[in-house]
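Visitor: This is the structure I want to talk about, given as structure tokens.
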Amino acid sequence: MAVGHPLADRPTATILSEFHMATSNPRRTIIREWMSLARDKRQSGRQALAFAEAALQRHPLPRSRRGGREIVMAWLRPRIGRS
């Protein structure tokens, strides 16, 4: 990799394990995305619902009896309005 690249000094195994975690653990990835939004963009349930629907387009969830939107909202609900 090029010198100065943010991944240049990190071992390949670390990069691959982080990539695997991001693709294999959608809960963690979705919560991180939510918490990285500006505080004013994660204040209401309506904002969380719009985010949840968009997140489901980016991150497929395993099959479940509960709907994907319901699952993601359960993850986000405790974090609505939190700094």
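Visitor: Could you check the simple spin-label distance between Ser83 and Leu49, using points 7 Å along Cα→Cβ, in nm with one decimal?
Guide: The answer from the label model is 2.8 nm.
Visitor: Here's something else I'd like to know. Pop out the ³J(HN,Hα) list for segment 69-83 in order, Karplus 6.51 cos²θ - 1.76 cosθ + 1.60 with θ = phi - 60°, rounded to Hz; leave Gly and Pro as x.
Guide: 3J(HN,Hα) across segment 69-83, in whole Hz: 4, 5, 5, 5, 5, 5, 6, 7, 3, x, 9, 5, x, 7, 8.
Throughout, read-outs are computed from the coordinates displayed, never taken from laboratory work. Everything numeric here is computed off the predicted structure, so don't read it as measured data. With ideal geometry, Cβ positions are generated from the backbone for all residues, glycine too; neighbour counts draw on all protein chains shown.
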